[in-house]
Amino acid sequence: MNLAMDFWQWIGTVSALFVFMLSAIVALGKVAIKQFEERQNTRFNAVENAVSKRDDDFTRLEREWMKFLAELPIQYVRREDYIRGQSVLEAKLDALYSEVKLAQLKGAKHE
């Protein structure tokens, strides 16, 4: 079996193979780019969802913080305020004790 080809047949065959290989490379490149874009879109969507969740969590945390700040004066008494209140109560008790003692002394004098 003898394989004899003209120069132009060789050129045609080689160019056909070249075009075929180039088309295959371009097709594979398009598939690779499409897969890359799909992965990027998936990643971007995941990041977008994470950012949205973080924003929701931040909003919820901020709302809870504002609620805490609003309730804080109701639930918390400063040390100075407590001491002032105790001082007023003790002063009233001292005054009451003085009145009771005076009443006892006056009662003892009348007997």
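The values are calculated or read from the model by the stated rules, or taken from the named source; none is laboratory data. Remember, predicted model here, so these are calculated numbers, not experimental data. With ideal geometry, Cβ positions are generated from the backbone for all residues, glycine too; neighbour counts draw on all protein chains shown. Surface areas here come from the heavy atoms of the whole protein model, side chains and all, with no ligands, DNA or RNA. Shrake-Rupley method; radii C 1.70, N 1.55, O 1.52, S 1.80 Å.
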Per residue accessible area in Å² of the chain, where ligands, DNA and RNA are left out and the probe is 1.4 Å: 99
Sort all Cα-Cα distances of segment 64-111 into consecutive 5 angstrom bins from zero, then give the percent of pairs in each bin up to the one containing the longest distance. 5, 17, 11, 12, 10, 9, 9, 6, 6, 5, 4, 3, 2, 1
Specify which residue in the list 75, 61, 41 is farthest towards the positive end of the charge dipole of segment 10-111, using unit charges on the beta carbon of Lys, Arg (+1) and Asp, Glu (-1), about the Cα centre. 41
Estimated 222 nm signal from helices in the chain, with DSSP H stretches of n ≥ 4 weighted -39500 (n - 2.57), rounded to 500: -34000 deg cm²/dmol
The value for segment 1-40 (convex hull of the alpha-carbon atoms, volume per residue, Å³) is 47
Expressed in µm² per second, the diffusion coefficient of segment 52-91 from the Stokes-Einstein equation, with Rh the Kirkwood radius over alpha carbon pairs, at 10 °C and 1.306 mPa s, is 127
If you compute Cα Rg over 2.2 N^0.38 Å for the structure shown, which of [x] 3.55; [y] 1.84; [z] 1.02 do you land on? [x]
Give me the distance in nm between label points sitting 7 Å out from Cα along the Cα-to-Cβ direction at residue 14 and residue 41, one decimal. 4.3
Folded to 0 to 90 degrees: helix 79-110 orientation relative to the chain principal axis, Cα: 10
Of the residues 32, 19, 91, the Cα lying farthest along the dipole of the chain towards its positive end, which is defined by charges on the beta carbon of Lys, Arg, Asp and Glu, belongs to 91
Size of the dipole of segment 36-111 about the Cα centre, Lys and Arg at +1 and Asp and Glu at -1 on the beta carbon, nothing else charged, in debye to 20? 440
Whole-percent carbon and sulfur share, accessible surface of segment 1-107, 1.4 Å: 65
